[in-house]
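Each remark here refers to the structure printed beneath this line.
The values are calculated or read from the model by the stated rules, or taken from the named source; none is laboratory data. All figures in this text were calculated on a predicted structure; none of them were measured in a lab. When we count neighbours, we look across all protein chains shown, and the Cβ atoms used for this are built from the backbone with ideal geometry, even at glycine.
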Amino acid sequence: MQIPLLGGSYVTRGIIASAQRCVNLYPEVNRKDCIAPMTLYQRPGLRSLVSPPTPAPGRGLYRSSDGQGWAIIGSNVYNVSPSWTLTQEGSISPYRTNICSMIDNGTTLMIVDGSSNGWQVDLGSHSFSQINDPTGLFVGADKIDYIDTFIIGNQPGTNLFWSSLSNEIRWDPTYIAGKSGYPDPLQSVIVNRHIIYLIGQLKSEIWYNVGGTLFPFAEMTWAYVEHGTVAKYSLAATDINVFWLGQDLAGQGVVFRQQGYKTERISNHALETAIRKMAAGGTISDAVGYCYQQDGHTFYVLNFPSGNQTWAWDEAAGDPTMGWHQRCWTNPTDGSLNRDRVLCHAFFNGTNVGLDWQNGTLYALDLNHFTDDVAGVSGPISCVRTFPHLGRAQIGNGNIVEIDGRRVSYDRLELDVECGLAPLDASGNPAQIGVRMSDDRGRTFGPTVFQSLGAPGEYMTWPLYLRTGISRGRVFEVSWSAAGQVSLNGAWLNGTPEQS
């Protein structure tokens with residue numbers, strides 16, 4: 001009997017429904033004539049590009065409109081050359097640890113860090129300076145964006161947002177407006193599809209450019225969003241989608257996707273359970289989101305620093321119950337799984353670039369690189385996929401029968417996995433894949449039993465597990481940390497239902 005693996009992670013509040021972990025693997029839908037409906041692929045490895053002279057937390061990454069790369073690491077602002085050289089252009093002070101936002105108007109790059117200060121860099125000469133507004137109107141921002149020659153930003157701690165003058169880093173007293181539909185603070189702003197989204201703490205508004213003489217923008221009074229955000233840095237956009245971690249008058253912890261005037265919940269009950277537990281154990285207000293596209297998959301990646309978890313939504317999957325997987329960095333010292341190293345992303349120099357939240361290293365998100373190169377150590381990527389609860393079994397004559405709650409004698413488990421592409425280890429042995437089993441429906445697991453993934457070129461290796469015992473409610477889990485491509489379709493299983 002074939003056991004296909006449909007979708008990503010789905011560990012429900014009561015694991016009697018589902019205990020399916022999916023770590024560092026994302027599903028891709030196959031053609032209808034393929035042997036499996038979905039195949040699981042490893043997330044990109046982190047190939048180190050350049051590290052700052054002094055390690056410091058990564059705080060912002062940006063591609064300017066002329067194609068240049070920019071990184072904020074600690075308090076330093078760096079230009080990133082096409083050969084991956086970091087050149088410090090200036091420093092922002094006083095030093096803060098929060099996320100920075102960058103945008104440019106074609107000639108000048110503007111930087112804010114949530115304080116009352118701001119900075120600017122001439123894109124041609126790279127001259128750096130702190131913004132000095134003699135009118136006193138500029139009060140900083142948490143987030144800035146660009147629309148129709150104007151730079152806009154929220155006014156921290158208020159329900160107001162401001163706009164610069166057209167094509168200038170200057171301000172006018174009339175170029176300030178407020179989110180007035182509900183008196184909650186404005187948390188962030190973002191532009192998508194030529195629309196301005198003002199994301200509040202509890203409710204949000206949609207504005208657009210009406211070409212007004214006193215103020216260019218006005219609210220779309222016929223469109224409104226009945227949700228805000230609990231984490232202002234979770235806001236991210238790509239294509240026609242805006243994503244954020246939600247909060248409203250009814251509760252918090254739902255992930256939303258905005259498409260034009262349409263707001264949709266894209267999180268599922270299993271993910272929302274994980275978010276609720278993180279909130280109960282600390283906070284989710286420090287969550288940070290970013291988007292990137294690779295091989296036609298558009299990902300929204302949501303990092304929870306306090307919760308030490310990273311979750312990724314694959315827009316290509318489309319279904320909230322199937323489109324989420326967990327991303328982890330494996331600590332090579334103790335083997336523990338922790339949140340992903342990448343805090344933010346930008347695409348420049350023809351590369352998907354990620355910035356390390358701890359040491360400021362720039363990585364290439366490389367699908368042909370099968371390790372995470374962190375702090376000079378090339379560490380493994382731990383891939384884990386738990387199988388669904390089994391309700392059917394294939395007996396010796398080939399017939400598939402319903403288990404109906406009975407115990408099953410498991411005769412044969414054969415993994416449908418790609419083999420022969422991982423290099424030999426330091427001892428000259430082939431990479432291994434492990435299976436462990438739970439006989440209490442995923443609550444606890446036994447020891448991991450390993451099989452070979454084949455030496456390089458041994459493509460027809462088939463990891464096989466025979467006579468694994470009798471159980472009711474068994475759950476299988478497969479895992480590996482191979483430094484080469486390993487793709488997973490699922491497994492074939494033969495078992496005989498017992499009488500009780």
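How many of the residues making up the stretch 258-317 are closer than 16 Å to Pro27 by Cα and of a type in the set (Asp, Glu)?
The qualifying residues number 3.
The lone criterion from (1) in contact (Cβ under 8 Å) with a residue 40 or more places away in the chain; (2) in contact with a Cys (Cβ under 8 Å, 6 or more places away or on another chain); (3) in a loop (DSSP other than H, G, I, E, B); (4) not basic (Lys, Arg) left unmet by Ser479 is number (3). Pick out the one residue from Pro156, Pro183, Pro173, Pro134 that is assigned by TED's automatic domain parsing to the domain that holds Gly246, in a loop (DSSP other than H, G, I, E, B) and within 19 Å of Tyr233 (Cα to Cα). Testing whether each residue is assigned by TED's automatic domain parsing to the domain that holds Gly246, in a loop (DSSP other than H, G, I, E, B) and within 19 Å of Tyr233 (Cα to Cα) leaves just Pro156. No other residue among Gly323, Gly281, Gly318, Gly307 is free of Cβ contacts under 8 Å to residues at least 12 places away in the same chain and over 17 Å from His345 (Cα atoms) apart from Gly318. For the residues Phe128, Phe150, the requirement of being over 25 Å from Ile196 (Cα atoms) and of a type in the set (Phe, Trp, Tyr) singles out Phe128.
Give the number of residues within the stretch 190-213 that are touching a Phe, Trp or Tyr at 6+ places or on another chain (Cβ under 7 Å) and in a strand (DSSP E or B). Number satisfying all stated conditions: 13.
Is it the case that Arg412 is charged (D, E, K, R) and surrounded by fewer than 15 Cβ atoms within 10 Å (Cβ to Cβ)? In short, no. Taking the stretch 215-259 as the range and being touching a residue at least 40 places away in the same chain (Cβ under 8 Å), surrounded by fewer than 15 Cβ atoms within 10 Å (Cβ to Cβ) and out of contact with any Phe, Trp or Tyr (no Cβ under 7 Å at 6 or more places or on another chain) as the test, the residues that pass are Asp239, Ile240, Leu249.
Among residues belonging to the stretch 137-153 that are of a type in the set (Asp, Glu) and not in a strand (DSSP E or B), point out the one that is surrounded by the most Cβ atoms within 10 Å (Cβ to Cβ). So that I can check it myself, show each step before the final result.
In the first step, residues of the stretch 137-153 are kept if they are of a type in the set (Asp, Glu); the result is 142, 145, 148.
Restricting the remaining residues to those that are not in a strand (DSSP E or B) gives 142, 148.
Values: Asp142: 24, Asp148: 14.
Among those that are of a type in the set (Asp, Glu) and not in a strand (DSSP E or B), it is Asp142.
State the number of residues belonging to the stretch 461-500 that are within 24 Å of Leu367 (Cβ to Cβ) and out of contact with any strand residue (DSSP E or B) (no Cβ under 9 Å at 6 or more places or on another chain). Within the stretch 461-500, residues that are within 24 Å of Leu367 (Cβ to Cβ) and out of contact with any strand residue (DSSP E or B) (no Cβ under 9 Å at 6 or more places or on another chain) number 1. Is it the case that the stretch 260-280 has a residue that's crowded, with 19+ Cβ neighbours inside 10 Å, assigned by TED's automatic domain parsing to the domain that holds Ser166 and more than 21 Å from the chain's Cα centre (by Cα)? Within the stretch 260-280, none of the residues are crowded, with 19+ Cβ neighbours inside 10 Å, assigned by TED's automatic domain parsing to the domain that holds Ser166 and more than 21 Å from the chain's Cα centre (by Cα). The criterion of being polar (S, T, N, Q) and crowded, with 22+ Cβ neighbours inside 10 Å does not hold for Ser48. Candidates Ala431, Ala422, Ala375, Ala364: the one that is of a type in the set (Gly, Ala, Ser) and surrounded by fewer than 16 Cβ atoms within 10 Å (Cβ to Cβ) is Ala375. For the stretch 83-98, filtered to residues that are closer than 18 Å to Trp357 by Cβ and not hydroxyl-bearing (Ser, Thr, Tyr), the residue that is farthest from the chain's Cα centre (by Cα) is Ile92. Val486 meets each of the listed conditions (1) closer than 24 Å to Lys32 by Cα; (2) surrounded by fewer than 16 Cβ atoms within 10 Å (Cβ to Cβ); (3) at pLDDT 95 or above apart from (2).
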